[in-house]
Amino acid sequence: MLAMLMLALFALMIAYFCYSVYFYGGRWVANPHNPRISSQKREVIMGSVKDRDGTVLAWTDETGARRYHSSRATRMAVSQVIGDNSGKVSTGVDTFHAQYMLGFKTGVVERVMDALTGTPQRGDDLQLTISERLSRYISEEFPEGKRGAVVVMNYQTNEVLAMVSMPQFDPTNLDAALYDEEAGALINRATQGLYPPGSTFKIVTLASTLENLPDLEHFAFDCTGYYPVGNYSVTEKEGHGLQSLSDAFASSCNTTFAALSQELGYEMLGRTAEKLGFNENFMFGDMIVYNSSYPIDDLSPEDLAWSSIGQGRVLATPMHMALIAGAIANGGVMHEPHLVRKITTAQGSIRALPGSFEGTRVMDGETAKRLEKEMIRVVKSGTGTRAALSNGYVVAGKTGSAEASNDKSIESHAWFVGYITNDNAPYAISVLVENGGSGGGVAAPLARKTLQKAINLGL
């Protein structure tokens with residue numbers, strides 16, 4: 001019996017080891033503290049990185065030095081995506097995809113041919129899905145002096161068209177960023193920044209309401225601007241009066257959604273949040289995205305109310321909120337985001353192309369249709385009117401102003417999450433401006449400019 005137990009434990013250990021290598025092996029290789037990385041850099045010419053249009057963003061010269069785009073504005077705009085040569089930004093492609101760019105994926109035949117011809121070994125080249133032009137435009141239009149992030153995705157192809165984080169750093173002058181660590185320029189806020197999503201989370205609460213509560217066609221709530229729950233009260237600046245569910249979403253009524261949360265309970269709302277990716281360990285192949293969180297323990301009534309409007313202990317990354325927008329656009333199916341468009345060998349042949357993974361259904365198709373309808377209304381006549389586009393393009397979205405302090409002494413974080421419904425411009429977007437104030441007044445206009453630029457560029 002003891003021998004059988006030891007054998008079972010040994011088999012379990014092997015299974016876990018295989019699981020870890022399969023899911024985490026690439027991350028272990030890409031760890032900047034891995035001595036094989038620094039050793040490989042001395043022996044292999046690191047591959048280049050290009051944007052979707054072929055603009056070279058990073059390469060290695062004949063001396064072995066890592067070089068970056070000649071324009072400082074471009075270097076800054078894509079800094080967190082590309083990373084740096086020393087691995088300080090471990091989530092950048094220069095480090096995260098080092099297994100390709102430093103030749104770890106080079107086959108034996110290729111190495112033999114290089115040895116026979118006397119050709120220095122060279123790593124693979126990466127073409128990314130991002131647009132340098134769109135990234136630079138977002139950087140220029142971002143509110144001056146503010147921190148935050150903007151993510152733009154093509155929800156049909158799952159390509160990340162822009163992933164801009166503010167503040168930024170210049171990889172040719174990394175000492176400046178290290179000297180001012182408090183600024184946090186080395187953090188990619190698009191994928192690593194965890195923020196209360198504020199009223200953008202009402203998308204999740206509305207989805208849960210639509211899928212779990214009956215007889216919503218006759219729903220009506222009288223918003224007096226004050227809703228007592230537990231030991232606290234959820235308030236509005238002024239009451240909205242008697243309103244339907246659609247009215248409450250368009251006006252982003254906190255008291256209505258706080259009341260709905262009490263009907264849903266933490267189990268129903270938590271289950272919907274987890275289906276949409278909260279509390280999930282995102283194991284994406286092209287990037288590291290920190291886990292968004294929604295508390296699923298036994299919440300008090302007031303905690304539940306605050307969580308339903310994206311406050312309390314609810315946290316999300318801008319990338320995750322863009323994925324939720326894309327899932328609604330795709331009829332309730334969420335896809336893995338892609339940052340790498342193509343990987344080619346030093347000889348120009350294709351090493352790898354991004355796989356076409358089946359998406360995960362996170363909500364019913366009818367729920368997604370209803371959410372789109374309500375999000376279109378938000379932009380047409382609700383809190384998100386400043387995100388609206390002209391020339392026949394229809395934007396569906398949701399604003400958010402997430403409180404950053406209990407006493408409201410600090411400006412709220414400004415959010416906008418949404419997408420263009422037109423098939424010829426399938427762009428999903430997430431905008432987060434730290435301490436920006438109003439989502440409708442700050443994040444929505446930036447979303448509109450960004451989406452219009454993406455259309456103009458024909459991405």
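The values are calculated or read from the model by the stated rules, or taken from the named source; none is laboratory data. On a predicted model such as this, the values are computed, not experimentally measured, just so you know. Cβ sites come from the backbone with ideal geometry, for glycine too, and all protein chains shown count toward neighbours. To get the accessible areas, we keep the full protein, side chains included, count just its heavy atoms, and leave off ligands, DNA and RNA. Shrake-Rupley method; radii C 1.70, N 1.55, O 1.52, S 1.80 Å.
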Can you pick out the pairs among K237/K449; K50/K342; K373/K449; K398/K453; K50/K449; K380/K453 whose Cα atoms lie more than 18 Å from each other? K237/K449; K373/K449; K398/K453; K50/K449; K380/K453
Unit charges on C-beta of K, R, D, E only; dipole of the chain, Debye: 1320 debye
Applying the span-like rule to the chain (DSSP H, Cα extent along axis at least 18 Å, Kyte-Doolittle mean at least 1.0) gives 2-29
What FRET efficiency do you get for N212 and R67 if R0 is 60 Å and r is their Cβ-Cβ distance, rounded to the nearest 0.05? 0.65
Separation of the stretch 76-101 and the stretch 393-447 by C-alpha centroid, Å? 28 Å
Listed residues F221, F282 arranged by accessible area, highest first, probe 1.4 Å: F221, F282
Given a Förster distance of 25 Å, report the FRET efficiency between E140 and S405 from their Cβ-Cβ distance, rounded to the nearest 0.05. 0.25
From phi via Karplus (6.51, -1.76, 1.60), per-residue ³J(HN,Hα) for the stretch 184-195 in Hz, x at Gly/Pro: x, 5, 7, 8, 7, 5, 5, 10, 10, x, 10, 10
Classified through the alpha carbon gyration tensor (a ≥ b ≥ c as square roots of its eigenvalues; rounded if a/c is under 1.5, else prolate when a/b is larger than b/c, else oblate), the stretch 337-438 comes out prolate
The aspartates and glutamates whose Cα lies under 13 Å from the Cα of K105, excluding any fewer than 8 residues away in the same chain, are D124, D125
Once the mean 1/r over all distinct Cα pairs of the stretch 100-221 is inverted, what Kirkwood radius in angstroms do you read off? 19.3 Å
Net length gained if the chain between E43 and K380 were fully extended (0.36 nm per residue, minus Cα distance): 115.5 nm
With a 1.4 Å probe and all protein chains kept in place, how do T255, T421 rank by accessible area, largest first? T421, T255
If you count only protein heavy atoms and use a 1.4 Å probe, how large is the accessible surface of R111, to the nearest 10 Å²? 110 Å²
Roughly how many Å² of L194 are accessible to a 1.4 Å probe, to the nearest 10? 70 Å²
Any idea of K50's accessible area? Nearest 10 Å², probe 1.4 Å. 80 Å²
For the chain, averaging the sequence separation of alpha carbon pairs under 8 Å that lie six or more residues apart and dividing by its residue count, the contact order in percent is 15 percent
Measure off 7 Å from each Cα along the Cα-to-Cβ vector at N281 and Y226, then give the distance between these two points in nanometres to one decimal. 4.8 nm
Please state the shape class of the chain: rounded when a/c is under 1.5, otherwise prolate if a/b exceeds b/c and oblate if not, all from the C-alpha gyration tensor. prolate
Distance in nm between T55 and Y179 label points, each 7 Å along Cα→Cβ, equals 2.8 nm
Give the long-range amide H neighbours of V234: residues separated by 5 or more places, or on another chain, with amide H under 5 Å away, using H modelled in the peptide plane at 1.01 Å from N. Y227, V229
Rounded to the nearest 0.05, what FRET efficiency is calculated for R313 and Q121 with R0 set to 60 Å and r the Cβ-Cβ distance? 0.75
Can you sort K398, K342 by 1.4 Å-probe accessible area, starting with the largest? K342, K398
Selection from V289, Y393, Q311 lying farthest towards where the dipole of the stretch 252-397 points positive, charges on Cβ: Y393
Between the stretch 336-378 and the stretch 260-325, the alpha-carbon center distance in angstrom: 21 Å
